[in-house]
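This report concerns only the one structure given below.
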Amino acid sequence: MEDSTTSEGLKRVIGVPGFAASIVNNTLGGGIYVLPAIVAIQMGAVGILAYVFCGIMLITIMLCYAEIGSKVNTSGGSYVYVETAFGPFAGFVLNWLFFFGYGVLSSAAVMNVMASSLAIIFPVFARPLMQDSLYFVLLAVIVFINIRGAKQGESFLKYITVIKLLPLLGIIIFGFAYIKTGNLHWQHFPSLKTSGETTLVLFYAFMGFETSLGVSGEIKNPKRTIPLGIISAALVIFIFYGLIQTIAQGVLGNQMAHFKTAPLAAIAQCIVGPIGATLLLVAAVVSCLGNTSGDVMATPRLLFAGAKDGIFPKTLAKVHPKFATPYTAIIIYAALLFIFAVSGGFRQLAVLSSGCLLLIYLSVVLAMLKLRTKPQPSAKKSFKTPGGYLVPAIAIAAIVWLLVSLKSEEMIAIIIFLAAVVMVYFVMKLFQKKQDQKF
């Protein structure tokens, strides 16, 4: 039986249900409420094929994560995988790509969307002071829950995930009665260019599962839990996306363009009347809250792991003596989210987010391949991706395709950000060298 306390001072308390719920929560975000219209307008009824194609691409990446996650069991997720395979420099760059280039910027954006959605129901939240107060209170509550223990954070995410899935489940169950079969007929196949653009949008909507692996050092029996959690969550995610797209297309059909900003709200209104749109808006707010909660639970573990390795200030490696959580990393990360959400400073940097995550995916897949040739002591009886090198080859091809599809301003932003991170790394090394020479 695996010891519940790790060498990092943390406790392994997260099981398969909690880990899978975290992945579902982090992946099924606000995008699911607008995606059906985007896909239908571009591809019509045949749009369901874009989900299948996108699902195949993403499952290859998820399987690579499942393999390496079952071998490397300490906190930090993507960071520790890359650091283990390629060393401190690659780990340093990856950590910055994840916690700031992706984590802070995307979560600050989600918090702004949450406040804007809430302001439609309660106009008082349109005021900047009320929005700022909302951010502070919500983050304070999330921080309190996560400092109390990873188990408490996991339980909170389970409830949030159930709450955010219930309205979607209601649309799936009751929406079938409103489907017009004629809306589901495939009239024509879109061009390859249109299919590629739609798949690109979908791929970004499927992102989020990797954040949950930040708590890898607190997952029980990771050799079993990580692969099982990833695979079971993937099935739930793909089923929900596929069914929601089918219902939306079947109910709205060619009318989808009239509801392109809120297709699910239109369906909910058909089912339960005017209150349906309000219920869906509340569900979108809860979905944003769930994404933020999942991020605050997982991403601070990258700061914690980096501090343990000496690439961040040691204070971030502190573990709460009673609750066994990296409390300073959680507080600092939440403070960064608050600053960016309040200032709106993330908007100028938001182009970084998608490109950074693609680079993270590529680094982890390559790390998985590297560790196959360099087995770890903990790798015995670990999960191995089926199909030999076919799965990682498909994953790499998909990621490279998406990278070359980025806009020029996204490419430039990523290059500048990487150059800045590399400069910081070498300045830190130079400073450490001078400090060592003094002693």
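The values are calculated or read from the model by the stated rules, or taken from the named source; none is laboratory data. Since the structure is predicted, the reported quantities are computational estimates derived from the model, not experimental observations. Methodologically, a virtual Cβ is constructed for each residue, glycine included, from the backbone with ideal geometry; neighbour enumeration extends over all protein chains shown.
Values computed for the structure shown
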| quantity | calculated |
| --- | --- |
| Within segment 63-100, tally of residues that are crowded, with 24+ Cβ neighbours inside 10 Å and at positive phi | 2 |
| Residue among V236, V215 that is surrounded by 23 or more Cβ atoms within 10 Å (Cβ to Cβ), in a helix (DSSP H, G or I) and either under 16 Å from the mean Cα position of the chain (by Cα) or not polar (S, T, N, Q) (or both) | V215 |
| Residue selected from segment 146-159 under the condition farther than 18 Å from S287 by Cα and among the hydrophobic types (A, V, I, L, M, F, W, C), by the criterion modelled with the lowest pLDDT | A150 |
| Residue within segment 319-328 that is outside any helix (DSSP H, G or I), basic (K, R) and within 30 Å of I145 (Cα to Cα) present | yes |
| Residue tally, condition in contact (Cβ under 8 Å) with a residue 12 or more places away in the chain, part of a helix (DSSP H, G or I) and closer than 30 Å to W401 by Cβ, over segment 169-204 | 12 |
| Residues being aliphatic (A, V, I, L, M) and in contact with a strand residue (DSSP E or B) (Cβ under 8 Å, 6 or more places away or on another chain) - total across segment 153-189 | 0 |
| Test for T292: is it farther than 20 Å from S106 by Cβ and assigned to a helix (DSSP H, G or I) | no |
| Residue check for K260: crowded, with 17+ Cβ neighbours inside 10 Å, of a type in the set (K, R) and in contact (Cβ under 8 Å) with a residue 24 or more places away in the chain | no |
| Residue within segment 342-364 that is crowded, with 21+ Cβ neighbours inside 10 Å and over 18 Å from the mean Cα position of the chain (by Cα) present | no |
| Cβ pairs under 7 Å, 6+ apart, first in segment 264-284 and in a helix (DSSP H, G or I), second polar (S, T, N, Q) | G276/Q269; A277/Q269; L281/S117; A284/S117 |
| Index of the failed condition, Q42 passing every other in (1) in contact with an Asp or Glu (Cβ under 9 Å, 6 or more places away or on another chain); (2) modelled with pLDDT of 90 or more; (3) surrounded by fewer than 21 Cβ atoms within 10 Å (Cβ to Cβ) | (2) |
| Helices (runs of 4 or more DSSP H) within segment 12-93 that include 3 or more residues touching a Pro at 6+ places or on another chain (Cβ under 9 Å) | 35-43, 48-71 |
| Qualifying positions in segment 109-137 - of a type in the set (D, E, K, R) and either closer than 22 Å to L336 by Cβ or in contact with a strand residue (DSSP E or B) (Cβ under 7 Å, 6 or more places away or on another chain) (or both) | D132 |
| Enumeration of residues in segment 60-77 that are among the hydroxyl-bearing types (S, T, Y), under 21 Å from V391 (Cα atoms) and at pLDDT below 90 | S70 |
| Test set (1) at pLDDT below 85; (2) under 19 Å from Y361 (Cβ atoms) - G217 fails condition number | (2) |
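Residues checked against (1) in a helix (DSSP H, G or I); (2) at pLDDT 70 or above:
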position	(1), (2)
I339	yes, yes
F346	yes, no
S353	yes, yes
L359	yes, yes
S363	yes, yes
A367	yes, yes
L371	yes, yes
P375	no, no
S382	no, yes
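Here's the yes/no breakdown for (1) over 27 Å from C356 (Cα atoms); (2) under 20 Å from the mean Cα position of the chain (by Cα); (3) of a type outside the set (V, I, T):
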position	(1), (2), (3)
I120	yes, no, no
M130	yes, no, yes
L134	yes, no, yes
L139	no, yes, yes
I173	yes, no, no
Q187	yes, no, yes
Y204	no, yes, yes
